[in-house]
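The values are calculated or read from the model by the stated rules, or taken from the named source; none is laboratory data. What you are looking at is a predicted structure, and each value in this text was computed from that prediction instead of being measured. Positions of Cβ are generated from backbone atoms using ideal geometry, with glycine treated the same way; all protein chains shown enter the neighbour counts.
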Amino acid sequence: MIIKRTAVCVNSFKPHILSLYSVKIDNMTELRKILGENMKAYRSELGYSQARLAELINTAPQYINQIETGKRFPTDTMLEKIALALEKKAHELFSIGHYKKKIEKEWKNQLLIDLEHFIHNRITS
């Protein structure tokens, strides 16, 4: 499953296409990022720190951090524990909603920077 959106932007007087996001579910790196973003979002919604989540599932806070930063991928048993502690179903940990929002926010911020540079160049030239 691939999701892709593009937008036209102007930078230094030249139009170019910026890719908004491309999520490849079959890519393990992207899957880890999606899992990490969702864990952070769901944990924050419940007001849990990494230490609190780790305590609830009987693991180290460093392990939670490694999962959330995409450095480690949990076992199926640990995924079930995480989902239960976050009051979610295991498959909800892989929803692209939170990840997509993060990518869109980064893209919008970059677009604003590009527009600011473009306007500045137009004014000063």
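Is one or more of the residues making up segment 86-95 out of contact with any strand residue (DSSP E or B) (no Cβ under 6 Å at 6 or more places or on another chain), of a type in the set (Asp, Glu) and free of Cβ contacts under 8 Å to residues at least 24 places away in the same chain?
In the first step, residues of segment 86-95 are kept if they are out of contact with any strand residue (DSSP E or B) (no Cβ under 6 Å at 6 or more places or on another chain); the result is 86-95.
Then drop every residue that is not of a type in the set (Asp, Glu), which leaves 87, 92.
Still in the list and also free of Cβ contacts under 8 Å to residues at least 24 places away in the same chain: none.
Looking through segment 86-95, none of the residues is out of contact with any strand residue (DSSP E or B) (no Cβ under 6 Å at 6 or more places or on another chain), of a type in the set (Asp, Glu) and free of Cβ contacts under 8 Å to residues at least 24 places away in the same chain.
Check whether at least one residue in segment 104-124 is free of Cβ contacts under 8 Å to residues at least 40 places away in the same chain, charged (D, E, K, R) and not in a helix (DSSP H, G or I), and report yes or no.
No, the conditions are met nowhere in segment 104-124.
Can you tell me how many residues in segment 89-110 are more than 14 Å from Leu31 (Cβ to Cβ) and either among the β-branched types (Val, Ile, Thr) or more than 18 Å from the chain's Cα centre (by Cα) (or both)?
Final tally of qualifying residues: 2.
Yes or no, residue by residue, for (1) outside any helix (DSSP H, G or I); (2) touching a Lys or Arg at 6+ places or on another chain (Cβ under 8 Å); (3) surrounded by 15 or more Cβ atoms within 10 Å (Cβ to Cβ); (4) modelled with pLDDT of 95 or more:
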| site | (1), (2), (3), (4) |
| --- | --- |
| Ile34 | no, no, yes, no |
| Glu37 | no, yes, yes, no |
| Tyr42 | no, yes, yes, yes |
| Gly47 | yes, no, no, yes |
| Leu53 | no, yes, yes, yes |
| Tyr63 | no, yes, yes, yes |
| Gly70 | yes, yes, yes, no |
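Is segment 101-120 home to any residue that is in contact with a Lys or Arg (Cβ under 7 Å, 6 or more places away or on another chain) and either surrounded by 11 or more Cβ atoms within 10 Å (Cβ to Cβ) or among the β-branched types (Val, Ile, Thr) (or both)? Write out each step before concluding.
Taking segment 101-120 as the starting set, the residues that turn out to be in contact with a Lys or Arg (Cβ under 7 Å, 6 or more places away or on another chain) are none.
No, there is no match, as no residue in segment 101-120 is in contact with a Lys or Arg (Cβ under 7 Å, 6 or more places away or on another chain) and either surrounded by 11 or more Cβ atoms within 10 Å (Cβ to Cβ) or among the β-branched types (Val, Ile, Thr) (or both).
Every residue in segment 73-103 that is acidic (Asp, Glu) and part of a helix (DSSP H, G or I), please.
Pass one, segment 73-103, residues acidic (Asp, Glu): 76, 80, 87, 92.
Scanning segment 73-103 gives Asp76, Glu80, Glu92.
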